[in-house]
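The values are calculated or read from the model by the stated rules, or taken from the named source; none is laboratory data. Because the structure is predicted, anything quoted here is derived from the model rather than measured. Here the Cβ positions follow ideal geometry from the backbone for every residue, glycine too, while neighbour counts run over all protein chains shown. In case anyone asks, the SASA skips ligands and DNA or RNA and just uses the protein heavy atoms, side chains included. Shrake-Rupley method; radii C 1.70, N 1.55, O 1.52, S 1.80 Å.
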Amino acid sequence: MKTSAEQVQIDEAGKVYRRLWSYSGAYRAVFAAAILAMAVYAGSQTGFVYITKLVTDQSFVEKDMQFIRWVPFMILGVFFIRGIADYVATYSMSWVGRQVIKRMREQVFAKFLALPTRFYDQSSSGALLSRLTFNIEQVAQAASQVLTTLFKDLLTIVGLVIYMFWVSPRLSLFVLVVGPLIGLIIRGLSKRFRRYSTRIQNSMGDVTQAAEQVLEAHKVVKVFNGEAQEIEGFERVNEKNRRLNMKLAAAKAASGPIIQLMAAIGLSSVVFVATREDLSGGMSVGEFVSFVGAMLLIMAPLKHLTNINGPLQQGIAAGQSIFELLDAPGEDEGGARRVERARGELEFRDVSFLYQEEKGAVLRDIQLHVAPGERLAIVGRSGSGKSTLVSLIPRFYDPTAGAVLLDGHDLREYRRDDLRRQVSLVSQDVKLFDDTIRANIAYGAMRDASAEEIEQAARAAHVLEFTERFPDGLETQVGDRGVTLSGGQRQRVAIARALLKNAPVLILDEATSALDTESERHIQQALEVLMQNRTTLVIAHRLSTIENADRIVVMDHGRIVEMGSHAELMARDGAYSALHRMQFAGEAGHRADA
Ligand code: ADP
Ligand code: MG
């Protein structure tokens, strides 16, 4: 009886394999060719055995000279056919496998782009990447291995068994009883091996640990005269390791002779039965020789068949992990509302947000109205929720409660693409793509921008200032395979990108915090250009950079605690002026250090 857990597992396996099978849909013809070739291969094995019988009987026993002349050609012919079949089978299976791998990679990559931000938060990119590379490879390999075994090996076994029964039904029945018995004994033996091997590994760990402890705590050992004690302790694990290794050595040394003895018992019992006409029903020399040959040829495919569970399970696990990813819900497409260019009026209405239930609210009851064209600064200690607040605007996340509105409409009403066209983002850590500086500026939807527009943006963002010194100018390759730009230079490329996009809403999330004061002043000019004629939310680390914002919002623990102009907030002598004092003291301190 199968337990229900086993049943569930089998159902799952079936699902995974059915779904994998659906991938091979377009390639069924090639697949059929592979199966056909496998059948031919299996047939050639039986054919070879049959030739052995003919050769022995006709040439050695009957000395049929006419026949003998043909024997070399027959052998060549069979191996020729077998070789071609093997090639076609292997090639076609790999061809189908590679097509399936490519299709799956395509889908997984597309899924990477479609996943909501929350998904990336919850999974490591290493794990996601290994699905794309390792797991897909694994599932395709397991599937083709299982299919090959299922067809090639199984058909070979069937062909040879039929041949054996054709030659001598009685002897075949005998083999069918004795064979599995010998197989079981050999299996038990190799299991023992594996057990010793793991135990040896563990005891090797004990040896290392004992030594490591002494190396690390050598001062303690010396001061407390612990040498004798340590030597004693080491002797124990050392001896245990030796004993285990000897057990393995004994098992290994015995296994060769035992397996050979087993084979000899099997073979001699077959010979015994075969040579007793009353038991075997009589056989020719050729029949006997080819019978033994068939027995030997069956070994390898039989071994493959009995070991198929490993790759089968591996394939199922790998397949499940891929399909789980493919089935993960993608980002919300948004509503039907279209917008060409928004005015840029933003409103946070009773917005609360949490990343994870256990960690509690990150934003609490945020009420905030930003007029079109306003320059709003957001300040507060790190972790107070500033980045989270602005990440709601391009809908990286949706509020847990309340709503964010653009031009009076909930963000969720807009088509997602339209909404994102309204927002530019420059953040602290600029990641450039593996391409030219020009392509990095004219990225995504702006990739068809004219050379003039790109250069204009590059000039305004002070990018040309440094690219002019490169021999290739804007065509200089950056990223992994190109030059490395400094943090400030990358920042300027990102600003040029935002300038070119020319969106009505601009978010600067600590866009200059990684820079020294000197470079920041430089970039500040580029930012001034960028902030004109649009609603801007600036999160700034250095308060000196936001003093002339229209309004400053101070956040603490996910709440807005103060709001007003620099002068108003300074006069109030609250959270903002405290932050200001702290920073001024810090900077004065730095200056004194220098
Ligand atoms: P700030 O930008 O003001 O430094 P954040 O908005 O980045 O603050 O973070 C606010 C809080 O939310 C912090 O406690 C932070 O640990 C947490 N947080 C930020 N991003 C994530 C995330 N992706 N998943 C879970 N928690 C997060
Ligand atoms: Mg932040």
- Hey, any hits in segment 20-43 for a residue that's in contact with a Leu (Cβ under 6 Å, 6 or more places away or on another chain) and either open to solvent by 30 Å² or more (accessible area, probe 1.4 Å) or of a type in the set (V, I, T) (or both)? yes
- Query: Can you spot a residue in segment 223-231 that is modelled with pLDDT of 85 or more, exposed (fewer than 14 other Cβ atoms within 10 Å of the Cβ), touching a helix residue (DSSP H, G or I) at 6+ places or on another chain (Cβ under 8 Å) and over 28 Å from M262 (Cβ atoms)?
  - Reply: yes
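Out of segment 408-429, which residues are acidic (D, E) and open to solvent by 30 Å² or more (accessible area, probe 1.4 Å)?
Restricting attention to segment 408-429, the residues satisfying the condition of being acidic (D, E) are 410, 413, 417-418, 429.
Answer for segment 408-429, where residues must be acidic (D, E) and open to solvent by 30 Å² or more (accessible area, probe 1.4 Å): D410, E413, D417, D429.
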- Message: Any residue at all in segment 462-485 that's closer than 19 Å to V426 by Cβ, modelled with pLDDT of 85 or more and within 16 Å of ligand 1 (Cβ to nearest atom)?
- Response: no
- Task: Just name the residue that is nearest to L537 (Cα to Cα) out of those in segment 427-452 that are in a loop (DSSP other than H, G, I, E, B) and within 16 Å of ligand 1 (Cβ to nearest atom).
- Result: Q428
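Considering every residue within segment 341-349, establish whether at least one is touching a helix residue (DSSP H, G or I) at 6+ places or on another chain (Cβ under 7 Å) and either within 16 Å of ligand 2 (Cβ to nearest atom) or aliphatic (A, V, I, L, M) (or both). Please lay out each step first, then the result.
Within segment 341-349, the first condition is being touching a helix residue (DSSP H, G or I) at 6+ places or on another chain (Cβ under 7 Å), and the residues that meet it are none.
No: segment 341-349 contains no residue that is touching a helix residue (DSSP H, G or I) at 6+ places or on another chain (Cβ under 7 Å) and either within 16 Å of ligand 2 (Cβ to nearest atom) or aliphatic (A, V, I, L, M) (or both).
Taking the options R412, R447, name whichever one is away from ligand 2 (no atom under 16 Å from the Cβ) and in contact with a Lys or Arg (Cβ under 9 Å, 6 or more places away or on another chain).
Values: R447 fails: in contact with a Lys or Arg (Cβ under 9 Å, 6 or more places away or on another chain).
Unique residue meeting the criteria: R412.
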- Item | segment 365-398, residues that are over 20 Å from L579 (Cβ atoms), away from ligand 2 (no atom under 16 Å from the Cβ) and not small (G, A, S) | D365, Q367, H369, V370, P372, E374, R395, D398
- Message: If I ask for residues that are part of a loop (DSSP other than H, G, I, E, B) and under 37 Å from the mean Cα position of the chain (by Cα), which ones from segment 453-473 would you list?
- Response: V463, D472
- Message: I need the full set of residues from segment 9-50 which are at pLDDT below 90 and either over 32 Å from the mean Cα position of the chain (by Cα) or aliphatic (A, V, I, L, M) (or both), in order please.
- Response: I10, A13, V16, L20, A26
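So, in segment 406-426, of the ones that are assigned to a helix (DSSP H, G or I) and of a type outside the set (D, E, K, R), which residue ends up nearest to ligand 1 (Cβ to nearest atom)? Spell out how you get there, then give the answer.
To start, the set of residues in segment 406-426 that are assigned to a helix (DSSP H, G or I) comprises 411-413, 416-421.
If we keep only those that are of a type outside the set (D, E, K, R) too, we end up with 411, 419.
Values: L411: 18, L419: 20 Å.
Applying the filter and picking the extreme gives L411.
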- Where a residue in segment 102-124 is touching a residue at least 40 places away in the same chain (Cβ under 8 Å) and its partner, wherever it lies, is open to solvent by less than 70 Å² (accessible area, probe 1.4 Å) and within 16 Å of ligand 1 (Cβ to nearest atom), with Cβ under 8 Å and at least six apart: A114/E331; L115/E331; P116/E331; T117/S391; T117/Y397; R118/Y397
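On the given criteria, is A403 of a type in the set (A, V, I, L, M), open to solvent by less than 80 Å² (accessible area, probe 1.4 Å), in a strand (DSSP E or B) and in contact with a Phe, Trp or Tyr (Cβ under 9 Å, 6 or more places away or on another chain)?
Details: of a type in the set (A, V, I, L, M): yes; open to solvent by less than 80 Å² (accessible area, probe 1.4 Å): yes; in a strand (DSSP E or B): yes; in contact with a Phe, Trp or Tyr (Cβ under 9 Å, 6 or more places away or on another chain): yes.
Here the answer is yes, as A403 does meet what is asked.
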- Task: Check whether at least one residue in segment 219-229 is among the charged types (D, E, K, R), assigned to a helix (DSSP H, G or I) and within 30 Å of I35 (Cα to Cα), and report yes or no.
- Result: no
- Query: Which members of segment 125-167 meet the condition of being farther than 24 Å from P311 by Cβ, touching a residue at least 60 places away in the same chain (Cβ under 8 Å) and surrounded by fewer than 16 Cβ atoms within 10 Å (Cβ to Cβ)?
  - Reply: I162
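What are the residues in segment 53-77 that are surrounded by 18 or more Cβ atoms within 10 Å (Cβ to Cβ) and modelled with pLDDT of 90 or more, if any?
Taking segment 53-77 and keeping what is surrounded by 18 or more Cβ atoms within 10 Å (Cβ to Cβ), we get 53, 55-58.
Matches in segment 53-77: K53 only.
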- Note on the structure: Residue pairs within 9 Å by beta carbon, gap of at least six or interchain, first lying in segment 456-485 and among the basic types (K, R), second assigned to a helix (DSSP H, G or I) and surrounded by 13 or more Cβ atoms within 10 Å (Cβ to Cβ), listed first then second, are R459/E465; R459/A496
- Checking G360 against (1) touching a residue at least 24 places away in the same chain (Cβ under 8 Å); (2) within 30 Å of R381 (Cβ to Cβ), which test does it fail? (1)
- Message: Looking at segment 377-418 only, could you name the residues that are more than 17 Å from V505 (Cα to Cα) and charged (D, E, K, R)?
- Response: R381, D398, E413
- Task: Exactly one condition in (1) among the charged types (D, E, K, R); (2) open to solvent by 50 Å² or more (accessible area, probe 1.4 Å); (3) touching a residue at least 24 places away in the same chain (Cβ under 8 Å) is not met by E277; state its number.
- Result: (3)
- Item | Close pairs from segment 301-318: first in contact (Cβ under 8 Å) with a residue 12 or more places away in the chain, partner charged (D, E, K, R) and crowded, with 18+ Cβ neighbours inside 10 Å, Cβ under 7 Å, at least 6 apart | P301/D153; H304/D153; L305/D153
